[in-house]
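Asker: Sharing a structure below in structure tokens format, with a few things to ask.
The values are calculated or read from the model by the stated rules, or taken from the named source; none is laboratory data. Just so we're clear, the structure is a prediction, and the values are computed from it rather than from any experiment. Cβ: placed from backbone, ideal geometry, glycine included. Neighbour counts: every protein chain shown. Accessible surface is based on the protein model in full, side chains and every heavy atom, while ligands, DNA and RNA are left aside. Shrake-Rupley method; radii C 1.70, N 1.55, O 1.52, S 1.80 Å.
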Amino acid sequence: MAGEYRFSFGPWNIHEGADPFGPTVRSSVAFAKKVRMYKQMGFDGVQFHDDDAVPDMEKLAPAQIARKAAAVKRTLDGEGLVAEFVAPRLWEHPKGIDGAFTANDPKCRKWARTRSERTADIANALGTKLIVLWLAREGTYIRESKNAIEAHKHLLDAINHFLEYDPEITIAIEPKPNEPMDHAYLPTIGHALAIASQTIDPKRVGGLIETAHALLAGLDPSDEMAFALSLGKLWSVHLNDQNGLKFDQDKTFGAANLRGAFNQVRVLELGGYPATGRFVGLDVKAMRSQKSDVATRHLSNSRTIFLDLVEKVRTFPKDVHDQCVANRDYEALELAVIEHLLGK
Ligand code: XUL
Ligand code: MN
């Protein structure tokens, strides 16, 4: 079972524990040390932001950026790892304060396009064709601050620019409804795939669904995944968990809502996700209270819980399921699911 699914996470998922209310509580782990942990924990793929791969990229010329990214590729090769995707980190730069692709200032929008070109170059050097777009600050704190109709056109232009710049890349949009913005553009997979259909090459634009983001939108992550799967557009996932409507918690997968996690695994099984060769990505954070020596458990535990749930999905008695569905007896089905999860 472990062999059927390929798992990935990003270097930001091993972090120092700073939050908006307090400083770091763990020392930094160097990238070279992080990559050595992947295989030991059963992971084969590394998710990257562009500046995870080339930290000082804003100060470098395109050729230097490509050379540095090629060196990272050699490190990955040495560990038997592959890059899953590269995402432009547009939200930490001063030019991204008011959004990047949808900034009101044309100079900022231009910067974002140039940065996208470098992101594509890094993806090439790392040997992946997948770009992930989490549109962090593409939205508003107050609606009057932008023309939202124009903003959506800017987003479409930005995606088209990416597709034109590199005819090989594919783009997975990672929707999220809020945080850091009050409201973000493209809050759900429906929005993401609608804009994908309007691009110059719709077959190269799909989606990545994160559990917590779907929950923050008040939606069921498994149905969001099913929608994308039904269109052949689920190109990655960010599994994690979320305890209600609050900040993006990135909890261990299944830790807040085990049944919700069961249903996400079920839909990936129903959709034949392992056969697509796509990664099961995690986007989980260690609790701030974790000491350094155990601050990777959220990753290995999420993977373990995922695989335990694959087992649960596969061993759910089909005859019970079919009988309950035939009888339209969903109370019986619900009890059967809960008892199965409880190991009864
Ligand atoms: C933010 C988030 C990001 C993206 C990658 O909520 O999920 O880490 O997954 O840019
Ligand atoms: Mn994510």
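Asker: Probe of 1.4 angstrom, ligands and nucleic acids ignored: what's the accessible area per residue over the chain, in square angstrom? Intermediate values should be presented prior to the final figure.
Answerer: Working: 15800 Å² over 344 residues.
Result: 46 Å² of accessible area for each residue.
Asker: Using only alpha-carbon positions, what ratio does the radius of gyration of the stretch 1-110 give when scaled by 2.2 N^0.38 Å?
Answerer: On the way: Rg = 16.3 Å, N = 110, 2.2 N^0.38 = 13.1 Å.
Cα Rg divided by the expected 2.2 N^0.38 Å: 1.25.
Asker: Cα-Cα over 30 Å: which of Lys34/Lys251; Lys39/Lys68; Lys39/Lys285; Lys233/Lys318; Lys34/Lys176; Lys68/Lys251?
Answerer: Lys68/Lys251
Asker: Is any residue of the stretch 39-53 close enough, with backbone N under 11 Å, to a label point placed 7 angstrom from the Cα of Thr75 along the Cα-Cβ axis, and if so, which?
Answerer: 52-53
Asker: If N is the number of residues in the stretch 36-192, what value comes out of its Cα radius of gyration divided by 2.2 N^0.38 Å?
Answerer: Dividing the Cα radius of gyration by 2.2 N^0.38 Å gives 1.07.
Asker: Would you kindly derive the ³J(HN,Hα) couplings of the stretch 21-34 from the backbone phi angles with the Karplus curve 6.51 cos²θ - 1.76 cosθ + 1.60 (θ = phi - 60°), listing them in order in whole Hz, with x for Gly and Pro?
Answerer: Residue by residue, the stretch 21-34 yields 10, x, x, 5, 10, 9, 6, 5, 9, 5, 3, 4, 6, 4 Hz.
Asker: If you average the sequence gap of Cα pairs under 8 Å that are 6 or more apart and divide by the length of the chain, what percent do you get for the contact order?
Answerer: The normalised contact order for the chain reaches 16 percent.
Asker: Let me ask something else about it. Let me spell out the model: positive unit charges on the Cβ of Lys and Arg, negative unit charges on the Cβ of Asp and Glu, origin at the Cα centre of the stretch 257-344. What dipole size does that give, in debye rounded to 20?
Answerer: 480 debye
Asker: Right, something else. Give the relative contact order (percent, whole number) for the stretch 213-342; include only Cα pairs under 8 Å separated by 6+ residues. Don't jump to the answer; show the numbers that get you there.
Answerer: On the way: 143 pairs, mean separation 30.5, N = 130.
Relative contact order comes out at 23 percent.
Asker: Continuing with this model, one more query. Pull out a ≥ b ≥ c, the square roots of the eigenvalues of the alpha-carbon gyration tensor of the stretch 170-314, then state rounded if a/c is under 1.5, prolate if not and a/b is larger than b/c, and oblate in the remaining case.
Answerer: On the way: a/c = 1.88, a/b = 1.31, b/c = 1.44.
It comes out oblate by the Cα gyration axes.
Asker: If you don't mind, another one. Using only the alpha-carbon atoms of the stretch 46-122, report the extent along each of the three principal axes, biggest first, to the nearest angstrom.
Answerer: Ordered largest first, the stretch 46-122 gives principal extents of 44, 22, 16 Å.
Asker: Something else about it: Note the angle between two axes, namely the Cα long axis of helix 106-126 and the longest principal axis of the Cα atoms of the chain, as a number of degrees from 0 to 90, rounded to the nearest 10.
Answerer: 60 degrees
Asker: Over the chain, what portion of Cα pair distances is larger than 26 Å, expressed as a whole percent?
Answerer: Summing the P(r) of the chain above 26 Å gives 50 percent of all pairs.
Asker: Please report the spacing between the Cα centers of the stretch 117-161 and the stretch 286-314 in Å, no decimals.
Answerer: So the separation of the two Cα centres works out to 31 Å.
Asker: Over the chain, with a Gaussian network built from C-alpha contacts below 10 Å, which listed residue (Tyr38, Tyr273, Tyr330) shows the highest mean-square fluctuation?
Answerer: Among Tyr38, Tyr273, Tyr330, the largest GNM mean-square fluctuation belongs to Tyr330.
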